[in-house]
Structures are given as structure tokens and as C-alpha cells.
1. Just to be sure, is B:VAL137 in contact with a strand residue (DSSP E or B) (Cβ under 6 Å, 6 or more places away or on another chain), modelled with pLDDT of 95 or more and not in a helix (DSSP H, G or I)?
2. Going by what's in this entry, would A:PRO54 be described as outside any helix (DSSP H, G or I) and more than 14 Å from chain C (Cβ to nearest Cβ)?
3. Can you run down the residue pairs with Cβ atoms below 7 Å, 6 or more apart or on separate chains, where the first is in region A:38-51 and more than 17 Å from A:LEU91 (Cα to Cα) and the partner is among the polar types (S, T, N, Q) and part of a loop (DSSP other than H, G, I, E, B)?
4. For region B:146-189, which residues satisfy the criterion of being within 18 Å of the chain's Cα centre (by Cα) and free of Cβ contacts under 8 Å to residues at least 24 places away in the same chain?
5. Being aliphatic (A, V, I, L, M), at pLDDT 95 or above and farther than 14 Å from C:GLU375 by Cα, is that true of even one residue in region C:27-34?
6. Can you name every residue in region A:353-370 that is in contact with a Phe, Trp or Tyr (Cβ under 8 Å, 6 or more places away or on another chain) and more than 7 Å from chain B (Cβ to nearest Cβ)?
7. Restricting attention to region A:193-212, does a residue exist that is buried (at least 18 other Cβ atoms within 10 Å of the Cβ), outside any helix (DSSP H, G or I), at pLDDT 95 or above and touching a His at 6+ places or on another chain (Cβ under 6 Å)?
8. Can you confirm whether A:SER403 is buried (at least 23 other Cβ atoms within 10 Å of the Cβ) and either touching a Ser or Thr at 6+ places or on another chain (Cβ under 8 Å) or within 14 Å of chain B (Cβ to nearest Cβ) (or both)?
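The values are calculated or read from the model by the stated rules, or taken from the named source; none is laboratory data. Model, not experiment: these values are computed from the prediction. All Cβ positions, even for glycine, are placed from backbone atoms using ideal geometry, and neighbour counts span all protein chains on display.
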Amino acid sequence: MSKDLRDRLFRELDALVIVDPHTHINPLAPASKTLADILGYHYYTELAHSAGMPKARIEAPGLEPKEKVRRLVERLAPLDNTIQYSWFVELAQAFFGFKDDRVTPDNWEALYDAAEAKMKGPTWADDVLKQSRLSAVFLTNDFDDPLEGFDTKTYVPCLRTDDLVFHLWKPEVRLRLDKATGSSVTSAATLKQAIGQRFQHFTRKGARACAISLPPSFAPESPELSPTALSKILSRGADASDDERRSLSHFVFWTLAEYCVEYKLPFDLMIGVNRQVYPAGVYQGQDLYDSRVSLIQYKELFNSFPQVTFPISVLASVTNQELASYSWICPNVVTNGHWWYSNTPTFIEHDLAARLEAVPRTKQIGYYSDMYKLEFALPKFAMFKRILAKVLAERYCIDRGWSEDRALALGTQVLRDNTEQVFGAADGPAEPVGRSQGFAG
Amino acid sequence: MSKDLRDRLFRELDALVIVDPHTHINPLAPASKTLADILGYHYYTELAHSAGMPKARIEAPGLEPKEKVRRLVERLAPLDNTIQYSWFVELAQAFFGFKDDRVTPDNWEALYDAAEAKMKGPTWADDVLKQSRLSAVFLTNDFDDPLEGFDTKTYVPCLRTDDLVFHLWKPEVRLRLDKATGSSVTSAATLKQAIGQRFQHFTRKGARACAISLPPSFAPESPELSPTALSKILSRGADASDDERRSLSHFVFWTLAEYCVEYKLPFDLMIGVNRQVYPAGVYQGQDLYDSRVSLIQYKELFNSFPQVTFPISVLASVTNQELASYSWICPNVVTNGHWWYSNTPTFIEHDLAARLEAVPRTKQIGYYSDMYKLEFALPKFAMFKRILAKVLAERYCIDRGWSEDRALALGTQVLRDNTEQVFGAADGPAEPVGRSQGFAG
Amino acid sequence: MSKDLRDRLFRELDALVIVDPHTHINPLAPASKTLADILGYHYYTELAHSAGMPKARIEAPGLEPKEKVRRLVERLAPLDNTIQYSWFVELAQAFFGFKDDRVTPDNWEALYDAAEAKMKGPTWADDVLKQSRLSAVFLTNDFDDPLEGFDTKTYVPCLRTDDLVFHLWKPEVRLRLDKATGSSVTSAATLKQAIGQRFQHFTRKGARACAISLPPSFAPESPELSPTALSKILSRGADASDDERRSLSHFVFWTLAEYCVEYKLPFDLMIGVNRQVYPAGVYQGQDLYDSRVSLIQYKELFNSFPQVTFPISVLASVTNQELASYSWICPNVVTNGHWWYSNTPTFIEHDLAARLEAVPRTKQIGYYSDMYKLEFALPKFAMFKRILAKVLAERYCIDRGWSEDRALALGTQVLRDNTEQVFGAADGPAEPVGRSQGFAG
């Protein structure tokens, strides 16, 4: 009975047309061209590598897509328990008529060919969006992205700022900034101007968020640098000391928050990743983390910017309770999806249930796919919707006696409605989330 | 079937008459006078504020209770998913005949009037106690509380010591201590005497616990201050340095533990809160935490005071396993309830199950309400009892084949019996919990 | 239905003949002689002590086994909720025909006598192995163990290295090393030789792992000691400073990892225990932990030794997500069992589910008993198999639509097959786990 209830709730949730509020889609090539784009996703390469596949098997230069897929399929058996593997099978079934429950050396080639044929269709990306019931996906754009050549209503720009905050001391990043802004950054003033110019560029193109991923050690501080000190750091470039780089990071980060006020952009914080922990890993399979991080590191930031909405993702499930608590107390903190190493069912179920019970329903962005290719939204969101249906069925309908309709309305809000509420609709920026809720204004 | 089993266990547990071992009840005004006392509970004001309600809407001076409730009800819709909201609806149904499942601008006024009428009854507080099946509630008394004017068998004094440990450097706190004790604290000796006098006062009035809430950074140490050094700190008052204040805190904390030995009082430790993290929050809605805390910080304390029972609450669920483990090993460590940010169903379920499986059944205080007004015990304990019934049904009856009777006996012990066992009955102090258990003496 | 499914899966898993990959069995006295060996297990003595039994009741010198059991049984009632108690009852029922569900002052003596009679049987240890469906158990041998007098195919040696890493500064440990190797350790070179000699001795005797337990503060570093510095530390012995001891620890630890390469031994790391936190505890009931530990402390180690498989146990469930993530990324990291304070059902269920979903199926050692006496494998593994069946039923068959056969194959792999895969079969060392997986070589 509980399973029937879950299935009914899932079907209703699955019928909604929604926006995916965080992806790494390239809007000029949003969908896959072959199955190599699917199986090249780091989840498969890193798990296959972890299970024994030499990196060189798939990172050899000039490797043909079909050969790459053949080599990966040979290595998939040890992963067929993982939820990531299930995404692959589910999308193969949904998009390419795959009938089996595992992809093996015996059945992969027909799937490859079927996929390639479909992917060649002139409307493939739109077909995927439609079949996935996605009306739009948010992007992750470099600060110097011209944002040209695509429909920004469907592919919504977001300003990704890791490079500005953590790598501006590198000459090549400074060069990119100078080039993008047509200016020369040499001082606090010109740096602020250049960053402001990027906000102007992005918001004119319809950007809906500023975003960054942050290491566990990061604790934003209001900068106390004199203009002279900052100019000196900028002039030192790659010779800047660790302390100077850190000062520059804090200055840029704080400046971003200030511009989020001015341009009314939410500031997505993705907290907790350590880069390059395992440098021998495959491409994009080298980052890990230290789960000893606390949102108290963001105390000054949250207090200093009440006008900015901070949708927050945490990398480790052990930080989820803090996220729920800070969202429960601070009007400008919003829970955002289930990120990366926490994007597996057991963690999602635990973390989602804890949020639903304690955070205002208006302040929870249920899920984003984080995908690089459009085909992944369908299975990833399906996973989330099944868990959402499970939590609603078990913890609301059964444990708390809610009607199915009431549970469904809650699910709809966190899955669909809050994205527009928090990030704004296509026709204008959002009000800060802490401003517009309740029965009355 | 599992749901039927849960319901049966819940009904049995719900019929027990119990003691609430930690509240913030004012014994001179224990029950609410209007719904403003109910909705003024920080859970509602902080969640409404977090969801967008300006603080000034409800903290305006001179705001009439009915207007305050009207304003809050306008802002409740975004919270109606939370477990805290469900407490409100459940108590409205139980005490005031409320029939709906949500309180809205359309139905709140009739509820307000019905509640006010009931609350005016001359025996309202006793009626609430009776309907809630509470025989007594523990208080949280300031160290200078005269403890006069109420029945200390029903409203059991507890000595709250945050001010003594963390704020004694403030002239106003010293003044309160001098006034309460009729002495003048100027040295280690007079400070000890004054604190001892408070223990004598409290225990004569039937106090059953000494209690304190502690920040994550606190790590008690046996003090090594010379009397001269302490006198100097006391004489410096508000001019004392951070280090001196910390030394004073450690001295007072250790002294409290020593008096807990002498006066046979359990020492409730509530570990993990950071005060004033979000100063722009509403009243009592400004505290948060850093979940990076460990009970190993209390190693010296637990070892130094084997005669003192330490009922321990932890603020974050990630500390619960340590709490279970330390209680499993140390005779003087007892698990105590589900505190504040961990007092929501998903965390309670996980934390409770982990404790039940690994901590002696005699060393678990199941729950306390932490309430400020009596009406909240009913829905808060009901929430806990439902979860307790769920854990007993699923993890004992189903997973481990226990009979319902056996499960019920375990539930009864952690919900009711251990409170008296740990904190003592009305007629005398408890034996340290590590002294009197088992078949033989 | 779900319970039927769980029961069917359990019965299938329970029928498998398996290897226990980590125990503290003494191969010269592997089984119990009386119930005092069973109830003397630290789980019972420490829980009884925690619930109020004075330590002297059972640690009195010369206490007869039967009297010790009588005294412990008197103190068991407060523990009868714990999972540890259930192990005792389950083994009493399985091995000694015990019919009740609790052991009390009224029924213990008959059980004692029945057990003693059985245990006297000349083939008792083999009987237990057979009834427990164990083909072999791994040992935990001191570095100077002669490894003589037992069948190393059934009782598989493992080199335990805590003494070498953390206590080599003690004269008595140095003496043991000198004696065992017939050498005199005075320098980096002779120390390396002596350790190498131990690896040779152990692997000749069929050892399948090097193992160590580590405190939360430990973070291995490639040593930078000059030979002279090391000689100096060795010469200082017990006079060595804390820093010098730490340097010595790092040197020995790194040397062990180097020999694990040479001798193709997996290096079991058991991460997170603080020794002697509660010195007043009973024998083996004094250790606790600080859950603030991260696998990032092992970053350099994992990167430096790609050829070594590291089966990793974590003491606290809050570290389990890191373990799952590091195993998902790093070919040489393998999840290993559910250790000590995390070896209770709620933690196992959460941790196991998280691993199964995200770690390649070939890289998970499901469980080890950690037992001191053979009788405990049966109830401990039974507990694990029930949870494994529950997770497979609920999260694979129901949530993800897997067939029972497919779920059973996954369960069989983590419960049985991976042990041989990771630690090698009786006839030779294992290939590093990251080398030999997948359809093709």
C-alpha cells in the first residue's frame, strides 16, 4: 500500500514541467552526439577507474567514441550496483528503447548505434528537453563567456566565479578578465569595475545566479585591505604569497556579494570540495573533501548581506543538519539540491526528510541535475522524484496523516515552484526570498 | 500491519503519566493566557521571520496579543510543512476543539477566542497538566530565583548555571549573586561559598538538577588558578581579558561539578550551542551552532566526577553517536532527550534507534519538551511517542522479533521510569545512576 | 511482503560458507571453555559496568568462571535492550539449546552447565566453525608471534602493527623486536631490515594482511628523517620527546606501507580510536573516540601507494560518507566492515546502504566479526546478514525493481566473494583490487 502510494505520488510529480536550476550544459552543444558523451561522464570513468580500469584505456588521445564506449562497457560490471549505473540504464531505456537491465559487451553495440541514430536528429536537444519535461536549464558560465548563440530563456546563464575568487592571481585569468571587460585591472577600483561589468553583462543576458564552489577551509571575511595593499597584490601576480592570494580571494568574494545586492542575483554557494585530492584520477575524478566544515564559517557573510539570497549546497551529508538549521533561522539562506557525493539515495532521503520537516516550504530548492549533457536530467530527476515521493508517502501521509493532495502540493513546491520563486522568472530578477512570502505582503 | 502495531504501541505509551524533565516554564505563569503566548514561541516567530516576515511586524512595542496573532497567522502558510507547525495544530485540536488541519486568516479568530475563553478558566494550568498526563515538570531557574510561590512538587526547580559560568565577569551578574547570597564575592573562597549557598538554597527547595548549555568550543578543565589570580580576575570585572574570563568560567564550572557531588545533583549538560550567530533574528531566534564538537572535550570531567550523573543533550545529530558511545562506556553519562535543532522526526528517529540499540536501558532519558508554556508538552511528547512507537515496532518487534509487551516495557522505561531513576523522586535525591542497577544491589 | 522478501534473502545469504576477514581469535584457544569466556567479552563487562556494576565484581583476581558468570548475569537486565545482548542470546540458542529470550538469575546455571558440557567436546572449535559456516578466520597477530601450532589455512595470520608504529620507543617493544628478528635495531637501516624480516616471516606463514588501528589525530606523512636523526631517536628510547616519537611513528608507518608493496599485502587501516579515554573502565572498555577525523589525512598515503590495497574501517558513522566517496574515487581504497561503535544495526543499515549505492561492488568487504572467541561469529554475522537482506530488499528489490536473484548476487559478493578477491585466496596473495576487475583484463 505504501508502495502504491509512493508510485502514485511519483507519477504526479513526474508529470510536472520544471526548470533545472544547476547544470554544466554547454548551450552550443547541449545534448550528446554519441554514447561516448554519456559514458564519458566522470561518474562512469571514475568508478570504472576505481574498479581497476587503467586511466590510459579511455584518456588516450584520439580515441574514437565507439572504441571508448567499448572499452568502458568492458569495465562497467563492477559498477552495476551503483545508482550512477542505474541512471545510464534508465536513460538508455527512456531515450533509446534499450530493453535489458545491464549494458554488457554483448548488447552495447546495438544500443550505441540506436543512440547515435537518435542523437543525429536535428531536434535531438529539444526532444530530450521535452521528453524530460524541462522548460529551461541553468548553465554554469565562465566569467568571460560571451553568452552568444543560444536562447537564454531555455539555457539560462549563471555567472560562475571560482576563477575570479581563487585564481585571479594567475596571469592567464587576469588576461581573460582584461579581455572580457576591455579594461586593465590594476587596483581595487579597476577590479571592482571589471567585476561589476561582468555582472552587467550577465544580467543583461538574463543571468539568474552568481555561483561558486568553495573548499572546506574557506570562511568569507569582510576585507580590510587598503587599496594600496590590493594594488600591490595584483601587481605581484603569480609571485603573490599564499596570504596575499587569500586576501585577494576574500576581497573578490565580498565584492561578488556586493554586486549580488546591486544586481539582485542569488549567490549559489556550493560548500565543501577539495580539488585535486587524488591527482592520479581520471578527468574530473580527482576531487574529494574533508567533511569537517561548518556554516558558522559563513556567519559574517549571512549577517552582512540580508538582501542576498544564498541557495546553499553542501557536499557532505553530515553538514545537512547545519544547512537545515541555518535555513530555518536565516531568511537569506535556502537549501539547494543534493550535491555530488551526497547525490545518492540514502543521503538524499535522510537529508531531504530533515529539510522538509524544519525549513519553510518556500525556502527549499529540491533538486538540480548538475549534468553536462541533457540526457541525464531525466534519470537523475527521476531518482529524486522517487525519493521525494517516498518521503512524502512515509513521513507525511503515513506518519503525519496528510492527504495525498497536500503532500503533492508540498512536493510540487520544492520540485518546481521554488526555483522560479528564488531565482526569478524569465522576465525579471527574483525578490529576495525573505521578502515576499505568506498570505499577506 | 506495521502501522497498526505502531498505533497500538503509541496508544499504550500515550496513556502513561509522566514527568517532563526539562522545560522553561515560569511556575508563576505556567500556561498561556492567549494564543499569542503559543504563537509567540520562538519556533513560530523565527520560522515566519525566516520565511519573510519583517521582525518589526511582531516585535513592535505595545502590540496587542490578538493583533500579534493575526499578523503571525498571515505568515504561517510557508511553515505548514514543518513539524513545529504540526505541534500548533495538534494542541489547537486537543485543547481548543480546532477542527481544521491548518490555521489561516479565515479560521484563526474563532480559534483565538475559543483558546482565550479556555485559558481564562481558573484551573487552566492544572487542566493542561492533567490532559497532557504530566505529574510534574522540571524548571530552569536562574541562580538567584527565590523559588517561592509555587508547588515545587509539580514545578520542580533546577539550577541553571549559564550566567555563573559564562557571565560572572559582568558587574550585574556579580551583583545578583551578592544579593541572592547576602555576601560579597571577592575571592576563590567567597565565590565557592556563594555558589555552595545557591546549591543549599536550591536543594532545600527540592531542586533535582544543575543544568547548563555550553558552546561547542567549551572543554572543561580542572582549574589551576591560584587564589590570588582568581581574586585579581574578580576584581577586574568587565575589564578582565578573554583569557581571564575563560579561567573564571573553568573555575566556576568545576566548582559546580564539585557541589553536584556534595548535594547529589545530576549535572545536565546541553552541549553545542553558539549564541547570537544571527543577531538580526527575532527574540530567541538568533542562536545556531558549529557541529564540529566532540565529547572527548569532556574526558577529564567524566573521569574526575564518577559520583555525578551527567544527563547529556547534544545539539547536532552528528554528535549523537558519540553520546551513545560515551553512555555505553561511562557509568556517569546518560543520554538526555532530543534537543532543539535535533528535535525533529528524522533526527529523533535515527538518534533514538542508535541509543536504544547500544546504551543500557536504564541510562536513557527519552524526551523532554523544553517548553515555555504548558500547552506544548502534549504535541511535543506525542511526536516523540509516535517515533518511539515506530522504532520499537520496526526495529524491535519486526526486526528482532520482540513481543509487543517487551517493546512496551522498554518504551515505558525510557519515557517514564528513568526520569525518576536518574533525577530522583519527589522525596529525595537520586543515587548516581551507575550505582543501583541490575537484579542485585 | 517486504518482511517475507527480507527473510528469503536472509536465508540464502545465511547458507553461504564464508571467511571472517578480521578477528582477535587466539588460534591456540579459539573457542570458549565456559560461558565466562562469552560473558567476559568487553561488550558485556563494559555495558554492565556502565549500568552500575562495580569493576571489582568481575575483575577480582582468582575469580572462578562460574562465579564471574553468576555476577555478570545479575547485572545483565539493564542491557537486555542492546544488540550486544541479543548476540549472547542468539548464540546461546544456536549452540546450547537455550529456549528463553533472556538470561536471568533463574535460568543461567542450566545454560552455563550445558555450554560447559558442549565446550568440553574435543572438536568444539571445529563444530562452531562448521555450524557458523566459516571456512576460515583472519587473526590479529603481534609482530613477534611465532605463528606456530595451528593450521594457517583456517586461522589466517595478519600482522598487527600498532606496537611497531606507536610503541617502538618503549624499551620492552624494542626488545621484543630484537628478539623476534634476532637482530639489534639501532638505525633506520636495521629498523627497516627488522620490519622486513617480520613481513617475510608473516607472509611465509600465509599472512594475508598488515593491519593497524589509528587515533583520529594520525595523518601519515612520508618521513623526512635523516638516518642520523632516526638513530638518535632510537637511542633515546623512552626519553624521546613527543615530537621524536611522532617522527618514529611516521617512519615506521611509511615503512610498513612500503613492505606492503613488496610483499603484496593489503594494509587494513582502522581509523579513529582514542585509547584510554576512560581509564576507570573495565578491561578493554576504556577506549572511545573523537569523531572529528577525515580521510583527507590519508591523502598523501593513498596517492603514494597505488599498488597497495587499503581496506578501511572507520569508527564513527559520520566518517562513512567520506569512506564511501574515497572508495568510489581511489582504486586502492576499499570499504571494510562496520567497526566497534558503528557495529550496531542503525549505523550499519545507514552506512551499508550508502556504500552499496556508490562504491563499485568489487570494493566492499561487507563484514568482519572482530571476535575474540569463535562463538560470536554466528550471531554477529547473522545481525549483518539480516541488515544486508533488509537493505537489498528495500533499496534494491522494492525501490529499484531488482530481481531477488540479482540482489542476492550483490549480497553474496560483498559478504563472501570480495574477501578472497581483496585478501587473496589460500594459495597466494591478492592482486591489488584496482587491477583485475571488469569483463576484460
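1. Yes; evaluated as a whole, the condition is true for this residue.
2. For A:PRO54, the condition - outside any helix (DSSP H, G or I) and more than 14 Å from chain C (Cβ to nearest Cβ) - is not met.
3. From residues that are more than 17 Å from A:LEU91 (Cα to Cα), the pairs are A:LEU47/A:THR82; A:ALA51/C:GLN437.
4. Residue satisfying the conditions is B:ASP163 alone.
5. Yes, because at least one residue in region C:27-34 is aliphatic (A, V, I, L, M), at pLDDT 95 or above and farther than 14 Å from C:GLU375 by Cα.
6. A:VAL359, A:GLY366, A:TYR367, A:TYR368, A:SER369, A:ASP370, listed by residue number.
7. no
8. Working: buried (at least 23 other Cβ atoms within 10 Å of the Cβ): no; either touching a Ser or Thr at 6+ places or on another chain (Cβ under 8 Å) or within 14 Å of chain B (Cβ to nearest Cβ) (or both): yes.
No: the conditions fail for A:SER403.
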